[in-house]
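A.B. asks: Can you keep this structure in mind? I'll have questions shortly.
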Amino acid sequence: MVTHTAPEYKGYIQSSGPSPDSLPAVTGMVVSSTAPSWMKDMAQILKARIGAAVQVCDGTDDEANIQAAVNAVTSGVVHLSKGDFNLNTNNTQAGSPGANSIIYISTDNIIIEGEGPETKLIMLNNPAADRFCFGIHSATAYTRLGVQVRDLQIVCKAPQHHGFRMMGTG
C-alpha cells in the first residue's frame, strides 16, 4: 500500500477538500506540471494501470497530453487538475477538420473540466494564423451532443488566439 504524508494530501482527504465520494465520475485525468508532487505520483500509478486516459504534463506541449486523454475516453469526464497547462499554438491537429485547433473533440458526451480558475490553459507563441484552444467538430451539420468545457480558464496571449471553434459538415 502506498501512503502519502504530504500535508496537502492529508488535508484533501481529511477536511480541507471535497470528500472523494462527492467528486464526479472521471474517465480521464490530466495533471499539470505545476500540480503538487503527490498528485503527479498518484497519476503516474494510475497511468500505469489505466493507460492513456491518464496523463501527466511536463510543462511543454501540454496539449499533446490533453489530446491523448480526450482520444482515450470515448465518453465521460476528462478532469484537468489545478495548475498551468502550457499549450504550444504552433502544434495544431493536422489537416481538416481539426486544422488550427489545439485540442480537438470529435465525439459526443465528452466533458473537459478543470478545478475552477486555478486550472489555466495558457496559449503560448504568436502564430501567423488563427488558433483555437478547442475545436469541436461534427460530420452532421454542427450537431455534437453533450460536449462541455467547464471550470477552467483559457489564457490567450496573442490576437490570433481564440477559445472555441465549432465546425460541421453535412
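A.B. asks: Quick check on segment 46-70: of everything there that is hydrophobic (A, V, I, L, M, F, W, C) and in a loop (DSSP other than H, G, I, E, B), which residue is nearest to E113 (Cα to Cα)? Step through it out loud before you land on a result.
C.D. replies: Filtering segment 46-70 for residues hydrophobic (A, V, I, L, M, F, W, C) gives 46, 48, 50, 52-54, 56-57, 64, 66, 68-70.
Next cut, in a loop (DSSP other than H, G, I, E, B) only: 52-53, 57.
On the way: A52: 17, A53: 14, C57: 16 Å.
Restricting to residues being hydrophobic (A, V, I, L, M, F, W, C) and in a loop (DSSP other than H, G, I, E, B), the top hit is A53.
A.B. asks: Looking only at segment 57-93, count how many residues are touching a residue at least 40 places away in the same chain (Cβ under 8 Å), of a type in the set (S, T, Y) and within 14 Å of T107 (Cβ to Cβ).
C.D. replies: 1
A.B. asks: Of all residues in segment 40-84, which are closer than 15 Å to I122 by Cβ and of a type in the set (S, T, N, Q)?
C.D. replies: Listed by number, the residues that qualify are T60, N65, S81.
A.B. asks: Looking at segment 15-26, is at least one residue surrounded by fewer than 21 Cβ atoms within 10 Å (Cβ to Cβ), modelled with pLDDT of 55 or more and either more than 22 Å from N125 (Cα to Cα) or among the β-branched types (V, I, T) (or both)? Steps first, answer last, please.
C.D. replies: The first filter runs over segment 15-26 and keeps only residues surrounded by fewer than 21 Cβ atoms within 10 Å (Cβ to Cβ), leaving 15-26.
Still in the running and modelled with pLDDT of 55 or more: 25-26.
So of that shortlist, the ones also either more than 22 Å from N125 (Cα to Cα) or among the β-branched types (V, I, T) (or both) come out as 25-26.
Yes, that holds for at least one residue.
A.B. asks: Which of the strands (runs of 3 or more DSSP E) contained wholly in segment 87-170 include at least 2 residues that are open to solvent by 10 Å² or more (accessible area, probe 1.4 Å) and modelled with pLDDT under 80? Show your work before the answer.
C.D. replies: Working: elements: 101-105, 110-113, 119-124, 131-138, 148-150, 153-156, 161-168.
The strands (runs of 3 or more DSSP E) meeting that bar are 131-138, 161-168.
A.B. asks: Working only within segment 27-84, note down all residues that are of a type in the set (D, E, K, R), under 19 Å from I154 (Cβ atoms) and open to solvent by 20 Å² or more (accessible area, probe 1.4 Å). Walk me through how you get there before you give the answer.
C.D. replies: Quick first cut of segment 27-84, residues of a type in the set (D, E, K, R) only: 40-41, 47, 49, 58, 61-63, 82, 84.
With the extra rule that they be under 19 Å from I154 (Cβ atoms), the set shrinks to 61-63, 82, 84.
D61, K82, D84 - these are the residues of segment 27-84 that are of a type in the set (D, E, K, R), under 19 Å from I154 (Cβ atoms) and open to solvent by 20 Å² or more (accessible area, probe 1.4 Å).
The values are calculated or read from the model by the stated rules, or taken from the named source; none is laboratory data. Computed from a predicted model, the values in this text were never measured in an experiment. Methodologically, a virtual Cβ is constructed for each residue, glycine included, from the backbone with ideal geometry; neighbour enumeration extends over all protein chains shown. Ligands, DNA and RNA are excluded from the accessible area calculation, which covers all protein heavy atoms including side chains. Shrake-Rupley method; radii C 1.70, N 1.55, O 1.52, S 1.80 Å.
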